[in-house]
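Q: For reference, the structure I am asking about is given below.
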Amino acid sequence: MQFKLKSILGHFKILRSLRARIFLIILVVGVIPSVLMRHGIMENYEERAVALRTSTVQTQLRILANHLITYSYLQDNSSEVIGAELDMLSNLYDGRVLIIGGNFKVVKDTYTISEGKIIISEEVIKSFGGESLSNYDSEHGYIEMTTPITETIKLMTDEGEVEKSVVRGVMLTSISTDSIIATMDILSRRAIILETLMIMVIIGIAIVLSDVLTRPFARVTQAINEVKAGYKDESISVPDYLETMHIVDAFNQVLGRMKVLDDSRQEFVANVSHELKTPLASMKVLADSLLSQPDAPVEMYQEFMGDITAEIDRENQIITDLLALVRMDKKVAGLNISSVNINELTELILKRLRPIARKKDVELVFESIRPVTAEVDEVKMTLIISNLVENAIKYNRELGFVKVTLDADHQMFSLEVEDTGIGIPEESLEHIYERFYRVDKSHSREIGGTGLGLAITRSAVLMHRGSITVTSLEGEGTTFLVKIPLSHIAV
Ligand code: ADP
């Protein structure tokens with residue numbers, strides 16, 4: 001059914017327009033009842049007019065039947081009174097009356113054609129049984145009636161005198177319904193004129209209503225087009241209907257998101273430029289001061305060149321991190337999923353980071369509660385673990401420790417990185433995943449932070465449909481908890 005409707009809609013493209021549909025619905029709803037009403041009224045009129053005519057004529061026929069008996073017309077049809085009565089009846093109703101006697105012989109025919117003939121039909125026989133019958137032939141336009149001519153006779157029986165009806169003959173009458181049909185014709189013509197007028201009014205209403213009702217949608221399109229063309233960039237409003245309000249609300253939300261994205265893109269570009277310029281500025285200051293002192297000692301050259309190299313390393317680190325972040329943002333690139341032994345991977349990363357930890361006198365501990373093998377992207381998983389552990393070392397105190405705990409349930413594995421470091425102030429907790437955000441800019445710079453590590457980590461975790469949470473107490477330490485599904489959930 002739906003398929004059929006769709007194919008019809010496909011054929012008639014115009015039907016896909018809401019305006020055309022509203023127009024058609026109003027037209028159909030308006031026209032069908034008026035057509036049905038006309039048919040109903042006409043049919044009802046015909047039925048009622050025929051019934052009325054039949055009952056009037058039947059009454060007159062019954063009176064005539066009594067007269068026929070009174071004047072013994074069946075035996076002698078010369079009575080002028082009856083003749084006049086018969087003429088009047090047939091003239092009045094444009095009909096024909098046949099009076100049939102007891103032997104089925106036609107005693108009188110107002111058309112005279114059938115006089116003396118024998119008529120034995122079903123109706124006539126039934127009427128001899130005492131029944132009055134009528135039948136309307138709408139095709140030929142006449143009503144046929146049979147009326148018994150009954151005589152009441154008195155009989156002497158054992159119980160005394162009894163009255164009895166005896167059928168002496170039958171009247172077979174047919175009257176024309178031409179006058180009824182003529183009235184119906186006039187009525188029908190008037191009804192058609194009225195109906196045509198009504199249809200025209202309905203078409204007018206349909207045109208106006210379909211236009212008025214769909215106008216708010218045109219307004220929505222116009223408002224969206226204005227935004228598209230750049231005339232305005234604030235939110236739009238078409239409050240005519242709840243439906244248009246919903247469309248416009250959804251559009252405004254998209255607009256809002258686009259604005260947020262645009263703002264954050266601009267902020268990101270500004271941050272990137274700033275971050276990339278800082279090492280360059282330092283290098284320039286160092287180089288300038290060497291250039292301004294032509295006879296600077298070699299030690300000074302060496303010290304300044306060492307600083308310049310450190311700045312170059314830093315610049316390099318920022319670019320590497322930026323590239324990693326951009327790669328995360330490109331969701332289409334997707335993940336390179338394989339089955340990875342997380343225990344081995346963690347051990348490997350910790351082994352690589354141990355020398356750095358040792359330099360800071362920080363102890364690295366790994367506790368594996370159960371062996372974990374998960375479907376993850378190994379490179380991104382490495383980034384997640386090493387970023388968290390590197391931070392835990394970087395922001396630790398001397399003689400502190402970092403504890404990495406690996407656990408799993410039947411759906412997820414969890415990696416907890418706990419440190420005894422400087423902690424993160426509460427107001428900074430919600431910002432630490434932002435790009436370039438650092439709690440203490442100068443301290444972070446000193447220890448080589450770019451402010452991109454946690455942004456990269458969070459992106460990588462989210463790409464795996466996992467979660468990352470942090471709890472921290474300033475001066476006591478920080479704990480990051482990462483949870484990632486054991487089997488990869490494709491988008
Ligand atoms: P960075 O390269 O500066 O370390 P991150 O994005 O990795 O950048 O971290 C953002 C900021 O969050 C850091 O500058 C630091 O202030 C804070 N931070 C991250 N991890 C820790 C931690 N384990 N302990 C204390 N502070 C942390």
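The values are calculated or read from the model by the stated rules, or taken from the named source; none is laboratory data. The model shown is predicted, which means the values in this text are computed figures rather than measured ones. Here Cβ is always computed from backbone atoms with ideal geometry, including for glycine, and neighbour counts include all displayed protein chains. Just the protein is used for accessible areas: all its heavy atoms, side chains included, with ligands, DNA and RNA removed. Shrake-Rupley method; radii C 1.70, N 1.55, O 1.52, S 1.80 Å.
Q: Residues that are hydroxyl-bearing (Ser, Thr, Tyr) and open to solvent by 70 Å² or more (accessible area, probe 1.4 Å): does the stretch 312-328 have at least one?
A: Yes.
Q: Residues in the stretch 169-189: is at least one assigned to a strand (DSSP E or B), open to solvent by 60 Å² or more (accessible area, probe 1.4 Å), more than 17 Å from Val124 (Cβ to Cβ) and of a type in the set (Asp, Glu)?
A: Taking every residue of the stretch 169-189 in turn, none turns out to be assigned to a strand (DSSP E or B), open to solvent by 60 Å² or more (accessible area, probe 1.4 Å), more than 17 Å from Val124 (Cβ to Cβ) and of a type in the set (Asp, Glu).
Q: Consider Ser444 against the criteria (1) within 6 Å of the ligand (Cβ to nearest atom); (2) out of contact with any Ser or Thr (no Cβ under 9 Å at 6 or more places or on another chain); (3) among the small types (Gly, Ala, Ser): it satisfies all of them except one. Which criterion is unmet?
A: With respect to (1) within 6 Å of the ligand (Cβ to nearest atom); (2) out of contact with any Ser or Thr (no Cβ under 9 Å at 6 or more places or on another chain); (3) among the small types (Gly, Ala, Ser), Ser444 is out only on (2).
Q: Another question, then. Might you check whether a residue that is assigned to a loop (DSSP other than H, G, I, E, B) and among the small types (Gly, Ala, Ser) occurs anywhere in the stretch 53-72?
A: Checked the stretch 53-72: at least one residue is assigned to a loop (DSSP other than H, G, I, E, B) and among the small types (Gly, Ala, Ser).
Q: If you check Lys360 against the conditions, is it among the charged types (D, E, K, R), within 16 Å of the ligand (Cβ to nearest atom) and surrounded by 19 or more Cβ atoms within 10 Å (Cβ to Cβ)?
A: Against the criterion (among the charged types (D, E, K, R), within 16 Å of the ligand (Cβ to nearest atom) and surrounded by 19 or more Cβ atoms within 10 Å (Cβ to Cβ)), Lys360 does not qualify.
Q: State which residue pairs qualify: first residue without any contact (Cβ under 8 Å) to a residue 40 or more places away in the chain and inside the stretch 94-111, second residue in a strand (DSSP E or B) and of a type in the set (Gly, Ala, Ser) in any location, beta carbons under 8 Å apart, and separation of 6 or more residues or different chains.
A: If the second residue must be in a strand (DSSP E or B) and of a type in the set (Gly, Ala, Ser), the pairs left are Thr110/Gly95.
Q: Okay, moving on. Give the residues of the stretch 389-433 that are free of Cβ contacts under 8 Å to residues at least 60 places away in the same chain, charged (D, E, K, R) and within 8 Å of the ligand (Cβ to nearest atom), sorted by residue number.
A: Lys394
Q: Could you give every pair whose Cβ atoms fall below 6 Å, whose first residue belongs to the stretch 5-20 and is under 21 Å from Val208 (Cβ atoms), and whose second residue is at pLDDT below 65 and assigned to a helix (DSSP H, G or I), counting only separations of at least 6 or pairs across chains?
A: From residues that are under 21 Å from Val208 (Cβ atoms), the pairs are Leu15/Leu9.
Q: Are any residues in the stretch 369-395 over 28 Å from Arg445 (Cβ atoms) and open to solvent by 50 Å² or more (accessible area, probe 1.4 Å), and if so, which ones?
A: Ile369, Arg370, Pro371, Thr373, Glu375, Glu378
Q: Right, next: Could you check Asp137 against (1) open to solvent by less than 40 Å² (accessible area, probe 1.4 Å); (2) over 30 Å from Tyr45 (Cβ atoms); (3) of a type in the set (Asp, Glu) and say which number it fails?
A: (2)
Q: Just checking, how many residues over the stretch 409-450 are of a type in the set (A, V, I, L, M) and either over 17 Å from Ile384 (Cα atoms) or exposed (fewer than 15 other Cβ atoms within 10 Å of the Cβ) (or both)?
A: Final tally of qualifying residues: 5.
Q: Continuing with this model, one more query. What pairs come up if the first residue lies in the stretch 445-471 and is farther than 15 Å from Arg327 by Cβ and among the aliphatic types (A, V, I, L, M), the second is within 11 Å of the ligand (Cβ to nearest atom) and open to solvent by 40 Å² or more (accessible area, probe 1.4 Å), and their beta carbons are under 6 Å apart, counting only those six or more places apart or on different chains?
A: Ile447/Lys394; Leu454/Tyr433; Ile468/Arg458
Q: Identify the single condition in (1) under 54 Å from the mean Cα position of the chain (by Cα); (2) surrounded by fewer than 19 Cβ atoms within 10 Å (Cβ to Cβ); (3) assigned to a helix (DSSP H, G or I); (4) more than 14 Å from the ligand (Cβ to nearest atom) that Arg354 does not satisfy, given that it satisfies every other one.
A: Failed condition: (1).
Q: What pairs can you find where one residue is in the stretch 279-297 and surrounded by 13 or more Cβ atoms within 10 Å (Cβ to Cβ), the other is modelled with pLDDT under 90 and in a helix (DSSP H, G or I), and their Cβ atoms are less than 7 Å apart, with a gap of 6+ or different chains?
A: Pro279/Arg314
Q: Would you check if Tyr111 is of a type in the set (Phe, Trp, Tyr), open to solvent by 90 Å² or more (accessible area, probe 1.4 Å) and outside any helix (DSSP H, G or I)?
A: Yes.
Q: Glu275: acidic (Asp, Glu), surrounded by 12 or more Cβ atoms within 10 Å (Cβ to Cβ) and within 18 Å of Gly448 (Cα to Cα), yes or no?
A: When the stated conditions are applied, Glu275 passes them.
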